[in-house]
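Any read-out appearing in this document is the output of simple, stated calculations on the displayed coordinates, not a laboratory observation. Computed from a predicted structure; not experimentally measured. Don't worry about glycine lacking a Cβ; one is built from the backbone with ideal geometry, like all the others, and counts go over all protein chains shown.
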Amino acid sequence: MSARERILAKLRSGLAGSIPRPDDFEPAVVTEPWRYPDRAARIERLIELMSAVQTRFERTTRANWPTRVLALLEARGIDRLLVATGMAHGARLAEHIEGVAKAPSLFAYDRPIEAWKSELFDSVPASLTTTRGAIAATGSLILWPTVDEPRLMSLVPPLHIALLEASRIQDNLHEVIEAEGWAAGMPTNALLISGPSKTADIEQVLAYGAHGPAELVVVLLEDA
């Protein structure tokens, strides 16, 4: 018997003879106070909460987002971008920059972290990732790490650019979990991100970028 099996066996034996507590959870308690009448209201609430913690929003369309991303990078003098080039948005951006003068170089997270840890932590200035959606009530992006977009893509580079479809902004966390069936399967890490990295550990002075990106930009696709 493995260590895991022994632990589970002890847990099960400890429940012998116990009576399960009735499931009297009332969803309205965590949903009704945090509902919004329409998409515009959800967008407004999300921007209000995330902007309060230094998140920047770029409101655009599906047709124009690559142009906005390039403008963001150019304004900051960034010439390299970590992006999942094998995914649809990465391929779209690669196609868009063909023939663009002084276009940034695109590269993917295509190696084990041990093979390029120093480069990732010291030399990658920005990343672009997709999002699973967002939660208006808490002002949070939902990221769903995959092999193509590991969690470190959103946690390490100083600038994190996140693509968000407006149609995927939902009222509250309970609604998200129910609508997407999270109980049926989740990744090892589902990330809820409400702003750039910040800490006040040192003398209670708020500082950004201490443990992750110092800047978070949400590219909001309002026609998606």
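Quick check on the range 1-112: take the gyration tensor over C-alpha atoms, sort the square-rooted eigenvalues as a ≥ b ≥ c, and tell me if it's rounded (a/c under 1.5), prolate or oblate.
oblate
Taking 1 over the mean of 1/r across every pair of different Cα atoms in the range 128-177, what Kirkwood radius in Å do you get?
Averaging 1/r across every pair of different Cα atoms and inverting gives 11.5 Å.
Given points 7 Å out from each Cα along the Cα-Cβ axis, report the residue 113 to residue 190 separation in nanometres with one decimal.
Between residue 113 and residue 190, the simple spin-label model gives 2.1 nm.
Helix-only mean residue ellipticity at 222 nm, the chain, DSSP H runs n ≥ 4 weighted -39,500 (n - 2.57), per residue, nearest 500. What is it?
Result for the chain: -9000 deg cm²/dmol, rounded to the nearest 500.
Tabulate in residue order the Karplus-calculated ³J(HN,Hα) for the range 47-60, using 6.51 cos²θ - 1.76 cosθ + 1.60 with θ = phi - 60°, rounded to whole Hz; enter x for Gly and Pro.
3J(HN,Hα) across the range 47-60, in whole Hz: 5, 4, 6, 6, 5, 5, 10, 6, 7, 9, 10, 10, 8, 8.
Percent antiparallel among DSSP beta bridges with both residues in the chain, to the nearest 5?
Close to 25 percent.
Taking K and R as +1 and D and E as -1, what net charge do the other residues with C-beta under 11 Å from the C-beta of residue 87 add up to?
So the surrounding residues net to -1.
Taking θ as phi - 60°, what are the ³J(HN,Hα) couplings along the range 188-204 by the Karplus curve (6.51, -1.76, 1.60), each to the nearest whole Hz, with x for Gly and Pro?
For the range 188-204, the Karplus curve yields 4, 10, 9, 9, 10, 10, 10, x, x, 4, 8, 8, 10, 5, 8, 6, 6 Hz.
Report the full-extension gain for the segment residue 8 to residue 63: residue separation times 0.36 nm, less the Cα-Cα distance, to one decimal in nm.
Stretched out fully, the residue 8 to residue 63 stretch lengthens by 14.6 nm.
For the chain, what is the Kirkwood estimate of the hydrodynamic radius, computed as the reciprocal of the mean inverse distance between distinct Cα atoms, to one decimal in Å?
19.7
HN-Hα J couplings of the range 123-128 from phi, Karplus 6.51/-1.76/1.60, θ = phi - 60°, integer Hz, Gly and Pro as x?
Along the range 123-128, the couplings run 10, 9, x, 7, 9, 10 Hz.
Which one of 13, 197, 51 has the biggest mean-square fluctuation once the chain is modelled by GNM with Cα springs under 10 Å?
Maximum fluctuation in the GNM of the chain, among the listed residues, is at 13.
Looking at the square roots a ≥ b ≥ c of the eigenvalues of the Cα gyration tensor of the range 44-101, which shape do they give, rounded for a/c under 1.5, prolate if a/b is larger than b/c, or oblate?
Since a/c reaches 1.5 and a/b is larger than b/c, the shape of the range 44-101 is classed as prolate.
Can you classify the range 71-131 as rounded, prolate or oblate using the Cα gyration tensor, where a ≥ b ≥ c are the square roots of its eigenvalues, rounded means a/c under 1.5, and otherwise it's prolate if a/b beats b/c and oblate if not?
Because a/c hits 1.5 or more and a/b fails to exceed b/c, the range 71-131 counts as oblate.
Using the alpha-carbon centroid of each, what span in Å lies between the range 181-216 and the range 1-79?
12
If you stretched the chain out fully between residue 28 and residue 167, how much longer would it get, using 0.36 nm times the residue separation minus the C-alpha to C-alpha distance?
Here the answer is 47.8 nm.
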